[in-house]
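Chemist: My structure is below; once you've seen it, I'll send some questions.
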């Protein structure tokens, strides 16, 4: 089982903008999961990928004035659930319709959709604005009988929700083997049939075109692979994209526009956005 480094960064002053930016910058250098709180955040990275110089670069180049302190601790893979339960992840409700919780939680609120997620270092519990915005988009769509591809599925939370909302065929693709195993396990925990593939966008070549294509990754990956995404969306089909800021929308929209997509709806939270695009031709 993969071992990790738990990086604790405290900021003074601290607010959601600061913790969101820290998470975004740390994500760019390989960090996979984030636990923000009122004092800062805890971030996790595979132990063999940890570089203290990455941390100091993020702090020294941070665009908002704040005083930072940090500490890195080794976390054995089998201790992950205990670490996660101790630091973060309380049950959440999205749109008063979907509750997300872990298998170790008790006193779960009732909701139309009940999703069990045991993160194990994979991104996606619904707490981050990108994930919750994507869930809001899904909940507003009619997924009945639809074919869905979820690129960069992480914990599998979006793919699981699509299946619960009536999608006929759902495929999740995840590049990280450990996260892929986690997504497979989460699908099993929720008793949903999802085709979980381990790999990158090249895995799309063998898939049928989808009615819905989801990608909650980051701007650079999305704009780089948008052509492959577009090739797997039916005419009139929908792409839901997130993992970037409101200021990035023109860049993403321009890249998607080359393949006949038009932005028709935007959800924003804490400057993070999720956009809905329709393939016009």
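The values are calculated or read from the model by the stated rules, or taken from the named source; none is laboratory data. Keep in mind that this is a model prediction, so the values were computed, not measured. Positions of Cβ are backbone-derived with ideal geometry, glycine not excepted, and every protein chain shown enters the neighbour counts.
Chemist: Please count how many residues of region 58-78 are more than 24 Å from the chain's Cα centre (by Cα), surrounded by 10 or more Cβ atoms within 10 Å (Cβ to Cβ) and either on the phi > 0 side of the Ramachandran plot or free of Cβ contacts under 8 Å to residues at least 40 places away in the same chain (or both).
Modeler: Final tally of qualifying residues: 0.
Chemist: While we're here: How about region 9-19: which of its residues are assigned to a strand (DSSP E or B) and either touching a helix residue (DSSP H, G or I) at 6+ places or on another chain (Cβ under 9 Å) or modelled with pLDDT under 85 (or both)?
Modeler: 9, 11, listed by residue number.
Chemist: Is there a residue being touching a helix residue (DSSP H, G or I) at 6+ places or on another chain (Cβ under 8 Å) and under 22 Å from residue 94 (Cβ atoms) anywhere in region 175-185?
Modeler: yes
Chemist: I'd like the full set of residues that are at pLDDT 95 or above and assigned to a loop (DSSP other than H, G, I, E, B), limited to region 113-155.
Modeler: 140, 141, 142, 143, 144, 145, 146
Chemist: Another question, if that's okay. With respect to residue 204, is the statement that it is under 17 Å from residue 133 (Cα atoms) and crowded, with 19+ Cβ neighbours inside 10 Å true? Let's see the steps before the verdict.
Modeler: On the way: under 17 Å from residue 133 (Cα atoms): no; crowded, with 19+ Cβ neighbours inside 10 Å: yes.
No, not satisfied.
Chemist: Mind counting the residues in region 239-281 that are assigned to a strand (DSSP E or B) and at negative phi?
Modeler: Residues meeting the conditions: 23.
Chemist: Answer yes if at least one residue in region 212-219 is more than 20 Å from residue 158 (Cα to Cα), surrounded by fewer than 22 Cβ atoms within 10 Å (Cβ to Cβ) and touching a helix residue (DSSP H, G or I) at 6+ places or on another chain (Cβ under 9 Å), and no otherwise.
Modeler: So far as region 212-219 goes, no, none of its residues is more than 20 Å from residue 158 (Cα to Cα), surrounded by fewer than 22 Cβ atoms within 10 Å (Cβ to Cβ) and touching a helix residue (DSSP H, G or I) at 6+ places or on another chain (Cβ under 9 Å).
Chemist: It is to be established whether one or more residues within region 190-201 are surrounded by fewer than 17 Cβ atoms within 10 Å (Cβ to Cβ), more than 16 Å from the chain's Cα centre (by Cα) and under 24 Å from residue 236 (Cβ atoms).
Modeler: Yes, that holds for at least one residue.
Chemist: Taking into account only those residues within region 72-100 that are farther than 18 Å from residue 47 by Cα and part of a loop (DSSP other than H, G, I, E, B), which is modelled with the lowest pLDDT?
Modeler: 88
Chemist: Which of the residues spanning region 171-180 are surrounded by fewer than 21 Cβ atoms within 10 Å (Cβ to Cβ), in contact (Cβ under 8 Å) with a residue 60 or more places away in the chain and assigned to a helix (DSSP H, G or I)?
Modeler: First, pick out the residues of region 171-180 that are surrounded by fewer than 21 Cβ atoms within 10 Å (Cβ to Cβ): 175-178.
Narrowing the set further to residues that are in contact (Cβ under 8 Å) with a residue 60 or more places away in the chain leaves 176, 178.
Residue satisfying the conditions is 178 alone.
Chemist: Please go through region 156-168 and give me each residue that is outside any helix (DSSP H, G or I) and out of contact with any helix residue (DSSP H, G or I) (no Cβ under 9 Å at 6 or more places or on another chain), ordered by number.
Modeler: Those that are outside any helix (DSSP H, G or I) and out of contact with any helix residue (DSSP H, G or I) (no Cβ under 9 Å at 6 or more places or on another chain): 166, 168.
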